[in-house]
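Peer 1: I am attaching a structure below and will ask some questions about it afterwards.
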Amino acid sequence: MYDLLNPVEKEENPAVLSLLGLGPSTFYVTGQLMFAGTGVSGATVRISGTSDLTNVSTTDSAGRFKLISSEGKMTLEVDVSGTKFTIELSVTPPLVTLVSISNTSFTVFNLGASPSSLGDVTYLDITSSMPYEGLIVANANYGMTISSGFSFNFSETLESPSDADTWRNENFLISPPLSFLSTSVGGNNVIFQVNSGSYLPETDYYLTLLPGIKSASGKSMKPTIIRFRIGALYL
């Protein structure tokens, strides 16, 4: 019997409704799956509860996955060589926010959404970095992490800047500020030295990479924030 006060809601497939012009727009939802600052390649990522076996993504060398979904909450099922976990996201295009990840050994960042009508948008990506998202530096691990400075590997060969230090200052923004020294740019790699005396103990740092970082083929870096913490570090 139909209850007028408590009607049963019929579930519809948003993707199908969108194709029929009856539902919300669909979007490419994308992000990077990382482990200790390195992209996780070959992982299988799918939307939980979907029967669409074609809407599955295998991460590339940068750990990037791309799936078609609509606005709202979405849960992803991830399989990394038999290690399975879930990621919950909130999609409010163009923003995508990480709600939770069931295996905190992994991180997911550089999330975003673009209309599927625009096609598959590609970016220049980080494949590994030091520091990396979520890193906590202390005396015990300083020598194994940032003691040699900052380093970044990208998915393609970089456009060579005319002045490496100026280019770094314009495209790698750090807050609170640090004192950067010499910069090296070669192939798909960037390295710059940091004055270790400028680190502040027990401080969260935010490193922002900007679209002025470009590949030789013309791809730009999507604005990317790497959050790391200097903990009990006394040099």
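Peer 1: Skipping prolines and chain starts, which residues have an amide H placed within reach, meaning under 5 Å, of the one on Lys222, given they are 5 or more residues away or on another chain?
Peer 2: Counting only residues 5 or more places away or on other chains, the set is Leu124.
Peer 1: Can you tell me the length gained on complete extension of the stretch Glu88 to Ser117, counting 0.36 nm per residue apart and subtracting the Cα distance?
Peer 2: On the way: separation 29, 0.36 × 29 = 10.44 nm, distance 2.42 nm.
Stretched fully, the Glu88-Ser117 segment lengthens by 8.0 nm.
Peer 1: Further question: Answer with a single label: of [x] 57, 39, 34; [y] 73, 40, 34; [z] 48, 43, 35, which was calculated as Cα extents along the principal axes in Å from the structure in view?
Peer 2: Recomputing Cα extents along the principal axes in Å here picks out [y].
Peer 1: Here is a follow-up. Full-extension gain between Leu210 and Arg229, please, as 0.36 nm times their residue separation minus the C-alpha to C-alpha distance. List each step's numbers first, then the result.
Peer 2: On the way: separation 19, 0.36 × 19 = 6.84 nm, distance 2.05 nm.
Length difference between fully extended and current span is 4.8 nm.
Peer 1: Which value in nm describes the separation of the simple spin-label points at Ile136 and Asn188, placed 7 Å from the Cα toward the beta carbon?
Peer 2: Placing both labels 7 Å beyond Cα along the Cβ direction yields 3.2 nm.
Peer 1: Could you calculate the contour length gain from Asp163 to Ser217, that is, 0.36 nm times the residue separation minus the distance between their Cα atoms, to one decimal place in nm?
Peer 2: On the way: separation 54, 0.36 × 54 = 19.44 nm, distance 1.95 nm.
Separation in residues times 0.36 nm, less the Cα-Cα distance, equals 17.5 nm.
Peer 1: Ranking Ile101, Ile230 by Cβ neighbours within 10 Å, fewest first, what do you get? Intermediate results must be reported in sequence, preceding the final value.
Peer 2: Numbers: Ile101 18, Ile230 21.
Exposure proxy ranking, most exposed first: Ile101, Ile230.
Where a number appears in this text, it was derived from the coordinates with a stated rule and is not lab data. Because the structure is a prediction, the values reported are computed rather than measured. Note: ideal-geometry Cβ built from the backbone for every residue, glycine included; neighbour counts use all protein chains shown.
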